[in-house]
Amino acid sequence: MINTILNNVNQIPLLPQNVQQLMSIVNNPQASTLELVKIVEQDPMLAMQCLHLCNSAYYSLPVEVTSVSHAVRFLGMDTVAGLAMAAYFQSLIPSRGSNQGNPWLKGLKDHLLKTAYLSEVIAKAGGSIVAPATLFTAGLLHDVGKLVFSKLDLKVAQHVYRHVGENKVTLIEAEQEILGTNHAMVGHQLAIRWQLPEVLMDVIRYHHDPFGGEYHQTFYVFLANTVVGILHNDSALQESLNTPDVLSVSRELGFTTDQITEWLNAWSNQHKEKTSPPESLTKTTSSS
């Protein structure tokens, strides 16, 4: 089974050339913004997304941005790379009508977008200096290992998910018990194949075990991933926020559960009107 899973990792397409170039720049502390501008100017779709994001209500700039160079310099390397990565990664997830039979893909796109955005919300509300764009990309990619598992025989998926229900264990525990690995570990292997920045690899590998990683971004994604499906259930939310793991992460970040509850409720009540992710970040068209 392990060999089959590792083979499936190699079946996931490599990143498009433009995304590879962007990730190379993000990983290079000596890279200049001019290099980034050149890549974006050669990619009409990505250039359009950058301009659209700059001129969206998300930033509410007083002057319209019409220059690709201006847009790229304003958004920065992390955001531009996140735009390209978001578009490509979402293009890998089958459309809603074709993934309903695969438990690993069911609802995945919606879960990833909400986790990505909530990671930003918690960090911003808590006054973190962590770049929001990096958190969005990290949240978007945290479950990339499920793409690999989705290529397994459907009976295997059904066995794993049945094990969750019958034995009252988490999905990652069921994966480990039945497959000998889990989507976080497999996702990390795919991140290595894609040569993603270390911080993204860290989040993917440790989003269920944040104290095992080295980057604070993992704590934010862990919190968002934990609560994303229960925002509108007050009792479930409070129960989740008061588990030992969440309390430990909250203390590490200097938050109280009451603060987190307040931030999440504010977002939950307002996101449809004011704080939805910019359209540019949710497009499914690949920029390759």
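Taking the conditions (1) within 30 Å of ALA184 (Cα to Cα); (2) over 22 Å from the mean Cα position of the chain (by Cα); (3) small (Gly, Ala, Ser) in turn, SER69 satisfies each one other than (1). For region 53-70, a residue qualifies if it is assigned to a helix (DSSP H, G or I), within 21 Å of THR137 (Cβ to Cβ) and without any contact (Cβ under 8 Å) to a residue 24 or more places away in the chain, and exactly one does: CYS54. If you go through region 202-213 one residue at a time, do you hit one that is modelled with pLDDT of 95 or more and more than 22 Å from HIS111 (Cα to Cα)? Checked region 202-213: at least one residue is modelled with pLDDT of 95 or more and more than 22 Å from HIS111 (Cα to Cα). One residue stands out among those in region 144-180 that are touching a helix residue (DSSP H, G or I) at 6+ places or on another chain (Cβ under 6 Å) and assigned to a loop (DSSP other than H, G, I, E, B): the one that is most open to solvent (accessible area, probe 1.4 Å), which is LYS151.
Please count how many residues of region 121-140 are open to solvent by 10 Å² or more (accessible area, probe 1.4 Å) and either closer than 20 Å to ALA81 by Cβ or part of a helix (DSSP H, G or I) (or both). Can you show your working first?
Kept after step one, since they are open to solvent by 10 Å² or more (accessible area, probe 1.4 Å), are these residues of region 121-140: 121, 124-134.
Next, only the ones that are either closer than 20 Å to ALA81 by Cβ or part of a helix (DSSP H, G or I) (or both) stay: 121, 124-125, 128-134.
Summing the residues that are open to solvent by 10 Å² or more (accessible area, probe 1.4 Å) and either closer than 20 Å to ALA81 by Cβ or part of a helix (DSSP H, G or I) (or both) in region 121-140 gives 10.
Annotation: CYS50 fulfils all but one of (1) of a type outside the set (Asp, Glu); (2) over 30 Å from ILE230 (Cβ atoms); (3) outside any helix (DSSP H, G or I); (4) in contact (Cβ under 8 Å) with a residue 40 or more places away in the chain; the unmet one is (3).
Restricted to region 190-230, and to residues there that are touching a His at 6+ places or on another chain (Cβ under 8 Å), assigned to a loop (DSSP other than H, G, I, E, B) and open to solvent by less than 30 Å² (accessible area, probe 1.4 Å), the residue that is nearest to LEU22 (Cα to Cα) is HIS207. Cβ-Cβ distances below 9 Å connect the following pairs, each with a first residue in region 243-270 that is within 17 Å of VAL228 (Cβ to Cβ), a second residue that is open to solvent by 20 Å² or more (accessible area, probe 1.4 Å) and among the acidic types (Asp, Glu), and a separation of six or more residues or different chains: ASP245/ASP209; THR261/ASP234; ASN265/ASP234. Has region 1-19 got at least one residue that is surrounded by 15 or more Cβ atoms within 10 Å (Cβ to Cβ) and over 21 Å from the mean Cα position of the chain (by Cα)? Taking every residue of region 1-19 in turn, at least one turns out to be surrounded by 15 or more Cβ atoms within 10 Å (Cβ to Cβ) and over 21 Å from the mean Cα position of the chain (by Cα). What number of residues within region 170-186 are among the β-branched types (Val, Ile, Thr), under 22 Å from THR226 (Cα atoms) and free of Cβ contacts under 8 Å to residues at least 40 places away in the same chain? Qualifying residue count for the region: 2.
Identify, from the list SER250, SER268, the residue that is open to solvent by less than 20 Å² (accessible area, probe 1.4 Å), at pLDDT below 90 and in a helix (DSSP H, G or I).
Selected residue: SER268, the only one of SER250, SER268 that is open to solvent by less than 20 Å² (accessible area, probe 1.4 Å), at pLDDT below 90 and in a helix (DSSP H, G or I).
A Cβ distance below 9 Å, combined with a sequence gap of six or more or placement on separate chains, defines the contacts here; from region 187-211, residues that are on the phi > 0 side of the Ramachandran plot and among the polar types (S, T, N, Q) reach residues that are surrounded by fewer than 23 Cβ atoms within 10 Å (Cβ to Cβ) and part of a helix (DSSP H, G or I) in the pairs GLN195/GLN20; GLN195/MET23; GLN195/SER24.
Restricting the first member to region 1-23 and to residues that are within 26 Å of VAL80 (Cα to Cα) and in contact (Cβ under 8 Å) with a residue 12 or more places away in the chain, and the second to residues that are open to solvent by 80 Å² or more (accessible area, probe 1.4 Å) and of a type in the set (Gly, Ala, Ser), the beta-carbon pairs closer than 8 Å and six or more apart or on different chains are PRO16/SER288; GLN17/SER288; ASN18/SER288; VAL19/SER288.
All of (1) open to solvent by less than 70 Å² (accessible area, probe 1.4 Å); (2) assigned to a loop (DSSP other than H, G, I, E, B) hold for VAL40 with one exception: (2).
Just one of the listed residues (SER69, SER56, SER24, SER60) is exposed (fewer than 14 other Cβ atoms within 10 Å of the Cβ) and not β-branched (Val, Ile, Thr), namely SER60. Checked against (1) among the polar types (S, T, N, Q); (2) open to solvent by 80 Å² or more (accessible area, probe 1.4 Å); (3) at pLDDT 85 or above, GLN100 passes all but condition (3).
The values are calculated or read from the model by the stated rules, or taken from the named source; none is laboratory data. Keep in mind the model is a prediction, meaning the values are calculated, not measured. Positions of Cβ are backbone-derived with ideal geometry, glycine not excepted, and every protein chain shown enters the neighbour counts. The accessibility values were calculated without ligands, DNA or RNA, using every heavy atom of the protein model including side chains. Shrake-Rupley method; radii C 1.70, N 1.55, O 1.52, S 1.80 Å.
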